[in-house]
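K.L.:
What follows is a structure written as C-alpha cells; I'll ask about it next.
The values are calculated or read from the model by the stated rules, or taken from the named source; none is laboratory data. Everything numeric in this text was worked out from a predicted model, so none of it was measured. Here the Cβ positions follow ideal geometry from the backbone for every residue, glycine too, while neighbour counts run over all protein chains shown.
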Amino acid sequence: MNSTDYLEFEELFTLIKTYIISKWQLEYNNNNKGHFCKSVCPIVSTDIKYVEAYRHKEVQISRLRLGVANTNHRLFILKRHVNGLCNKCQVKETIHHLLLECNKEDISGILRNKCQLYTDELSIKTLLSVNLYQNEVYRLVSKLLVDRFYKSILQGC
C-alpha cells in the first residue's frame, strides 16, 4: 500500500485519549453520585489535581476535595459522632458548612475576607481548586479535623 494517509503514533495516541476522556466525561455527568466532587471539579482530566511536598497536607486537601474530610457529619456516617451536627450552629456539619457558613473558629469569615481581598468568588470550587486558598483552608482546618477524628476514636462513639 503506497498511501501517505496514515497516522503517526502520537496522533493516534491523542485521538484515543480524547475519545476516552469524552466517554469518561459522559459517564461522570450521567452518574448521580459524587455531587460534592463535581462541584469542585466538574471537568474530568488526567491532570494531577493537587501535589504537595508534605503528605499530610496533600491528604487533607484531597479529602476535602473528595468530600470525605472528618467533619461531624462524616464521623456520624462512620458511627463516630452522636448526631453529625456542628457543635456551635446545631446544623449538619458538612465541608460546605465548615468552610462557608460556620462561625466557629471564624473559618468562614477568614476565607470570605481572603476571597474579597483577591476579588474572587467565595465558593467551595474556589477554595479547594486555587492553591492560594487551599493553603489557607489547610492552615485553618487541618488541626481541627485531625483532632476531631482522634477524639472520636478515643471516645469510641
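K.L.:
Mind telling me which of the residues Ser45, Ser39 ends up being of a type in the set (Gly, Ala, Ser), in a helix (DSSP H, G or I) and within 18 Å of the chain's Cα centre (by Cα)?
P.N.:
Ser39
K.L.:
Taking into account only those residues within the range 112-132 that are within 20 Å of the chain's Cα centre (by Cα) and farther than 19 Å from Cys41 by Cβ, which is surrounded by the fewest Cβ atoms within 10 Å (Cβ to Cβ)?
P.N.:
Arg112
K.L.:
Sticking with this structure for a sec: In the range 48-69, which residues are part of a loop (DSSP other than H, G, I, E, B) and in contact with a helix residue (DSSP H, G or I) (Cβ under 6 Å, 6 or more places away or on another chain)?
P.N.:
Tyr50, Glu52, Gly67, Ala69
K.L.:
Kindly indicate whether any position in the range 70-91 is of a type in the set (Ser, Thr, Tyr), assigned to a loop (DSSP other than H, G, I, E, B) and touching an Asp or Glu at 6+ places or on another chain (Cβ under 6 Å).
P.N.:
Checked the range 70-91: at least one residue is of a type in the set (Ser, Thr, Tyr), assigned to a loop (DSSP other than H, G, I, E, B) and touching an Asp or Glu at 6+ places or on another chain (Cβ under 6 Å).
K.L.:
Check whether at least one residue in the range 9-19 is polar (S, T, N, Q), part of a helix (DSSP H, G or I) and closer than 24 Å to Leu132 by Cβ, and report yes or no.
P.N.:
Looking for residues that are polar (S, T, N, Q), part of a helix (DSSP H, G or I) and closer than 24 Å to Leu132 by Cβ, one finds none in the range 9-19, hence no.
K.L.:
A further question follows. Working only within the range 93-140, note down all residues that are within 18 Å of Leu66 (Cβ to Cβ), not in a helix (DSSP H, G or I) and not β-branched (Val, Ile, Thr).
P.N.:
Glu93, Ser123
K.L.:
Can you find, within the range 6-36, the residue that is nearest to the chain's Cα centre (by Cα) among those that are surrounded by 10 or more Cβ atoms within 10 Å (Cβ to Cβ) and basic (Lys, Arg)?
P.N.:
Going through the qualifying residues, I end up with Lys23.
K.L.:
Among the numbered criteria (1) in contact with a helix residue (DSSP H, G or I) (Cβ under 8 Å, 6 or more places away or on another chain); (2) modelled with pLDDT under 90, which one does Cys89 miss?
P.N.:
(2)
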